[in-house]
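Novice: Quick one: structure below, then a few questions.
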Amino acid sequence: MMKQNIDIVVISISSPILVGIYRDKQLHDTISSDGKTSDILPLIFKKILDRYNIETIYYVNGPGSYMAIKVAYIFLKTISIMKNCNLRAIIGFELNNRSPIKALGKKYFIYNQNSKQIDIEFLSNQQIEPFRLPNSLIDLEYSENGLPNYNLPAV
């Protein structure tokens with residue numbers, strides 16, 4: 001049986017971890033799982049690699065949990081090398097309607113529309129928009145280099 005070609009989107013900087021499977025750039029299936037990135041991603045990708053050929057992996061490269069970003073990057077970079085597929089990075093604000101992203105304590109990463117920079121601010125009682133997998137990859141903004149974006153807040 002011939003494996004289908006797909007693209008993948010991975011959001012591992014929040015809980016639950018979300019993985020989208022895309023056929024012809026359209027969302028076909030969603031996998032959602034609670035737990036640590038280091039525990040969950042290998043289990044999810046074992047199932048995906050058994051069934052599909054991956055053409056491109058898109059992952060959220062920040063801002064967010066430093067450890068989740070680092071683990072996801074190393075794991076997904078390894079998969080991209082082994083399977084000879086593309087690895088592309090998406091800024092987290094692209095998938096949460098530009099809502100603040102939790103940094104540390106009451107600190108949040110804020111996307112400054114004017115400067116296109118990521119700032120860190122103290123916020124209290126902040127409503128956080130949940131991350132969502134895009135329905136389509138066609139208009140998705142991404143970086144081709146796939147490198148992590150470690151925005152570390154000052155302690």
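Novice: Note down all Cβ pairs under 7 Å where the first residue falls in the range 124-153 and is within 20 Å of Gly105 (Cβ to Cβ), the second is surrounded by fewer than 16 Cβ atoms within 10 Å (Cβ to Cβ), and they're at least six residues apart or on different chains.
Specialist: Ser124/Lys106; Glu129/Asn97; Pro153/Leu104
Novice: Of all residues in the range 133-142, which are exposed (fewer than 14 other Cβ atoms within 10 Å of the Cβ) and in contact with a strand residue (DSSP E or B) (Cβ under 8 Å, 6 or more places away or on another chain)?
Specialist: Passing the criteria: Asn135, Ser136, Glu141.
Novice: Could I ask something else about it? Is it true that Lys83 is touching a residue at least 24 places away in the same chain (Cβ under 8 Å) and of a type in the set (D, E, K, R)?
Specialist: When the stated conditions are applied, Lys83 passes them.
Novice: What number of residues within the range 61-80 satisfy the criterion of being more than 11 Å from the chain's Cα centre (by Cα), of a type outside the set (A, V, I, L, M) and more than 23 Å from Leu123 (Cα to Cα)?
Specialist: 5
Novice: Within the range 17-65, count every residue that is within 18 Å of Pro148 (Cβ to Cβ), assigned to a strand (DSSP E or B) and among the small types (Gly, Ala, Ser).
Specialist: Number satisfying all stated conditions: 1.
Novice: Show me the strands (runs of 3 or more DSSP E) entirely contained within the range 81-155 in which 2 or more residues are over 12 Å from the mean Cα position of the chain (by Cα) and not charged (D, E, K, R).
Specialist: Per the criteria, 101-104, 107-112, 117-122.
Listed here are the residues, each with its yes/no results for (1) of a type outside the set (Val, Ile, Thr); (2) touching a strand residue (DSSP E or B) at 6+ places or on another chain (Cβ under 9 Å); (3) surrounded by 19 or more Cβ atoms within 10 Å (Cβ to Cβ); (4) without any contact (Cβ under 8 Å) to a residue 24 or more places away in the chain.
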| site | (1), (2), (3), (4) |
| --- | --- |
| Gln4 | yes, yes, no, no |
| Ile13 | no, yes, yes, no |
| Ile17 | no, yes, yes, no |
| Tyr58 | yes, yes, yes, no |
| Thr78 | no, no, no, yes |
| Ile90 | no, yes, yes, no |
| Ser99 | yes, yes, no, no |
| Gly105 | yes, yes, no, yes |
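Residues checked against (1) of a type in the set (D, E, K, R); (2) under 17 Å from Arg132 (Cα atoms):
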site: Gly20; (1), (2): no, yes
site: Ile44; (1), (2): no, no
site: Tyr52; (1), (2): no, no
site: Glu55; (1), (2): yes, no
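Novice: Taking the range 85-119, which residues are more than 15 Å from Asn61 (Cα to Cα), of a type in the set (A, V, I, L, M, F, W, C) and modelled with pLDDT under 90?
Specialist: Once the filter is applied, which keeps residues that are more than 15 Å from Asn61 (Cα to Cα), of a type in the set (A, V, I, L, M, F, W, C) and modelled with pLDDT under 90, the range 85-119 yields only Leu104.
Novice: Test Asn112 against the stated conditions and say whether it is without any contact (Cβ under 8 Å) to a residue 40 or more places away in the chain and touching a strand residue (DSSP E or B) at 6+ places or on another chain (Cβ under 7 Å).
Specialist: The answer is yes for Asn112.
Novice: Scanning the range 24-43 for residues that are under 14 Å from the mean Cα position of the chain (by Cα) and of a type in the set (A, V, I, L, M, F, W, C), which turns out farthest from Asn5 (Cα to Cα)?
Specialist: In this case the residue turns out to be Ile40.
The values are calculated or read from the model by the stated rules, or taken from the named source; none is laboratory data. Quick caveat: nothing in here was measured; it's all calculated off a predicted structure. Using ideal geometry, Cβ is built from the backbone for each residue, glycine included, and neighbour counts are taken over all protein chains shown.
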